[in-house]
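See below for the structure under consideration.
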Protein chains: 2
Amino acid sequence: MSVELKKHIEEIVSLADEEFEYISSHFKPKQLKKHQYLIQTDEHVKTIYFVIKGLLKATYIDLNGKEYIIQFAMENWWISDFQAFYNNVKSITNISCLENVELLGISKEDLDKICHENHKMEHFFRVKNSSGYVALQQRILSLLTTNPRERFEQFSCQYPQLGQRLSKTIIAAYLGISRETLSRLSAKTVI
Amino acid sequence: MSVELKKHIEEIVSLADEEFEYISSHFKPKQLKKHQYLIQTDEHVKTIYFVIKGLLKATYIDLNGKEYIIQFAMENWWISDFQAFYNNVKSITNISCLENVELLGISKEDLDKICHENHKMEHFFRVKNSSGYVALQQRILSLLTTNPRERFEQFSCQYPQLGQRLSKTIIAAYLGISRETLSRLSAKTVI
């Protein structure tokens, strides 16, 4: 039974202890060390993960070997190759650990089961999904409309804790700007 | 009672006729003509819309008056300023009609009500939200990793019908490329 998961779910719905115990029995703990992979490209992805501790990145590597960062995940975030997980196709991303991590994984089958059995869990994931949708729409708007300096400032402001835990090379890859551009920008701003 | 909405919901869950009648009683029809606005910036947004007929665009206009397209919506798609709708903040987008449209609108209050009263509707919107999340993640990946030519080809391939209903100026704004670049590209490809 994870205190972190209970607290996270109870931000949206209230659960009796026995309800939560039943729900949490469908999650399996997983621990990985820094640099280890959680998901690699071209795999079938059966599991979605809740992060109890640590930091991960989901990346896409193009034909020339250039790495693009799709998503980070730290404490209380969810991570997977969502396209592969929901649409039953093979993964196109790599998810690896930037720190040692502790995760709780749930399979698609069990996720659907707990949502079907418990209306409150269906509600919880509907709300989480809509928040995720809004966050991604904001990122698209930022990618379309901002220059590198604005994008860097938005990131530093939106995720101050994350900025401190990431190398500049990784932040640059996330923002879609060069390492050199980021160095110029961050010389003017403390992250 | 809308045949289109019933068919759309029943792609994911089955509803008895009386269930659907009760659900659809929470939707209000709305008709707008080409060029009219559905939502303007700086408004409170209380409604999400299902498109029965027609085509709309959601745009963001920056301080210099440049227009960026966040989303299109055509038949069987849902549209709103989702950030304003879900987070109870003011709209930052304009949503206007590219064709005459017929919509069905539901308020946040009624959406939550039908989801609370009917577990199948909660499931329906959870699934719709997760599909939306995956589609936006693909768009982010495309914005980060592709050059204008690849982005144009992906769009033409993914939304062939939409390409035929949109002007090149609008497609260019959606792809984040100039009108001139798009003209060069589309001279080589039939959309």
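Residue-by-condition table, conditions (1) away from chain B (no Cβ under 12 Å); (2) crowded, with 20+ Cβ neighbours inside 10 Å; (3) under 17 Å from the mean Cα position of the chain (by Cα):
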residue: A:Glu99; (1), (2), (3): yes, no, yes
residue: A:Arg126; (1), (2), (3): no, yes, yes
residue: A:Ser130; (1), (2), (3): no, yes, yes
residue: A:Ser142; (1), (2), (3): no, no, no
residue: A:Thr146; (1), (2), (3): no, no, no
residue: A:Glu150; (1), (2), (3): no, no, no
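So, A:Val89, is that one more than 9 Å from every other protein chain (Cβ to nearest Cβ) and β-branched (Val, Ile, Thr) or not? Here the answer is yes, as A:Val89 does meet what is asked. The helices (runs of 4 or more DSSP H) located wholly in the range A:119-165 that include 1 or more residues which are among the β-branched types (Val, Ile, Thr) and out of contact with any Pro (no Cβ under 8 Å at 6 or more places or on another chain) occupy A:119-145. Would you say B:Leu5 is within 22 Å of B:Glu109 (Cα to Cα), in a helix (DSSP H, G or I) and touching a residue at least 40 places away in the same chain (Cβ under 8 Å)? Considered against the rule, which asks whether it is within 22 Å of B:Glu109 (Cα to Cα), in a helix (DSSP H, G or I) and touching a residue at least 40 places away in the same chain (Cβ under 8 Å), B:Leu5 comes out as yes. Determine whether A:Leu111 is assigned to a helix (DSSP H, G or I), among the aliphatic types (A, V, I, L, M), in contact with a strand residue (DSSP E or B) (Cβ under 9 Å, 6 or more places away or on another chain) and free of Cβ contacts under 8 Å to residues at least 24 places away in the same chain. For A:Leu111, the condition - assigned to a helix (DSSP H, G or I), among the aliphatic types (A, V, I, L, M), in contact with a strand residue (DSSP E or B) (Cβ under 9 Å, 6 or more places away or on another chain) and free of Cβ contacts under 8 Å to residues at least 24 places away in the same chain - is not met.
Restricting attention to the range B:114-151, the residues being in contact with an Asp or Glu (Cβ under 7 Å, 6 or more places away or on another chain) and without any contact (Cβ under 8 Å) to a residue 12 or more places away in the chain number 5. Scanning the range A:83-93 for residues that are more than 14 Å from A:Ile39 (Cα to Cα) and either assigned to a loop (DSSP other than H, G, I, E, B) or within 14 Å of the chain's Cα centre (by Cα) (or both) turns up just one, A:Asn88.
If I filter the range A:179-188 for residues that are touching a strand residue (DSSP E or B) at 6+ places or on another chain (Cβ under 7 Å), at pLDDT 85 or above and not charged (D, E, K, R), do I get at least one hit? Taking every residue of the range A:179-188 in turn, none turns out to be touching a strand residue (DSSP E or B) at 6+ places or on another chain (Cβ under 7 Å), at pLDDT 85 or above and not charged (D, E, K, R).
The residues of the range B:65-82 that are more than 23 Å from B:Ile23 (Cβ to Cβ) and under 13 Å from the mean Cα position of the chain (by Cα), listed by number, are B:Ile69, B:Ile70, B:Gln71, B:Phe72, B:Asp81.
Scanning the range A:155-175 for residues that are surrounded by fewer than 16 Cβ atoms within 10 Å (Cβ to Cβ) and within 14 Å of chain B (Cβ to nearest Cβ) yields a single hit, A:Gln158. Counting only strands (runs of 3 or more DSSP E) that fall entirely inside the range A:21-66 and contain at least 3 residues that are of a type outside the set (Lys, Arg) and at pLDDT below 95, the qualifying elements are A:56-61. Counting only residues that are of a type in the set (Phe, Trp, Tyr) and within 28 Å of B:Tyr60 (Cβ to Cβ), the range B:5-42 holds 2 of them.
Among residues of the range A:39-52 being charged (D, E, K, R) and surrounded by 14 or more Cβ atoms within 10 Å (Cβ to Cβ), the one that is nearest to A:Ile95 (Cα to Cα) is A:Glu43. Looking at the range B:77-89, is at least one residue touching a residue at least 60 places away in the same chain (Cβ under 8 Å) and surrounded by fewer than 18 Cβ atoms within 10 Å (Cβ to Cβ)? No - not one qualifying residue is present in the range B:77-89. For A:Ile70, the conditions (1) without any contact (Cβ under 8 Å) to a residue 40 or more places away in the chain; (2) surrounded by 16 or more Cβ atoms within 10 Å (Cβ to Cβ); (3) away from chain B (no Cβ under 11 Å) all hold with the exception of (3). Every condition in (1) within 14 Å of another protein chain (Cβ to nearest Cβ); (2) closer than 26 Å to A:Ile140 by Cα; (3) among the aliphatic types (A, V, I, L, M) is met by A:Val51 except one, and the failing one is (1). Take A:Asn94 and tell me if it is surrounded by fewer than 21 Cβ atoms within 10 Å (Cβ to Cβ), at pLDDT below 95 and not small (Gly, Ala, Ser). Considered against the rule, which asks whether it is surrounded by fewer than 21 Cβ atoms within 10 Å (Cβ to Cβ), at pLDDT below 95 and not small (Gly, Ala, Ser), A:Asn94 comes out as no.
The values are calculated or read from the model by the stated rules, or taken from the named source; none is laboratory data. Remember, predicted model here, so these are calculated numbers, not experimental data. Note that we place each Cβ from the backbone using ideal geometry, even for glycine, and neighbour counts take in every protein chain shown.
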